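Notes for the one structure printed next.
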Amino acid sequence: MKSRRKRKVNPLVVLVAAVALFTVAKLVSFQLQLSDLQQQSRNLDEEIALKQVQNAELKESLDEGVTDESIAKIARDVLGYASPGERVFIDSSEQ
């Protein structure tokens, strides 16, 4: 009968395998974080573009100054006023 010898596992091989496994796990983790941060960046870019448009509209409004038309628009939209003899219909499907 042949005697079987147990093979000894080289500790260096175990260490290299452990480091490789840890590195792969970290790379996957970093890739997921990178994807999340890129999505956040895209969302913030969209928000910045929207705010720039709003700022341009506000600046244009300031440059025009106060006009009778702007006063009437504020009275109608914000305060709910109507011109004399005007009938206002409210679309209840939007609420």
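The values are calculated or read from the model by the stated rules, or taken from the named source; none is laboratory data. Fair warning: this is a prediction, and the values are worked out from it, not measured in the lab. Positions of Cβ are backbone-derived with ideal geometry, glycine not excepted, and every protein chain shown enters the neighbour counts.
Looking at Ser93, is it under 33 Å from the mean Cα position of the chain (by Cα) and in a helix (DSSP H, G or I)?
yes
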Every residue in segment 52-79 that is β-branched (Val, Ile, Thr), in a helix (DSSP H, G or I) and over 33 Å from the mean Cα position of the chain (by Cα), please. Ile71
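Which ones in segment 1-26 are hydrophobic (A, V, I, L, M, F, W, C) and either modelled with pLDDT of 95 or more or surrounded by 10 or more Cβ atoms within 10 Å (Cβ to Cβ) (or both)?
Residues of segment 1-26 hydrophobic (A, V, I, L, M, F, W, C): 1, 9, 12-22, 24-25.
Hits for segment 1-26 are Val14, Leu15, Val16, Ala17, Ala18, Val19, Ala20, Leu21, Phe22, Val24, Ala25.
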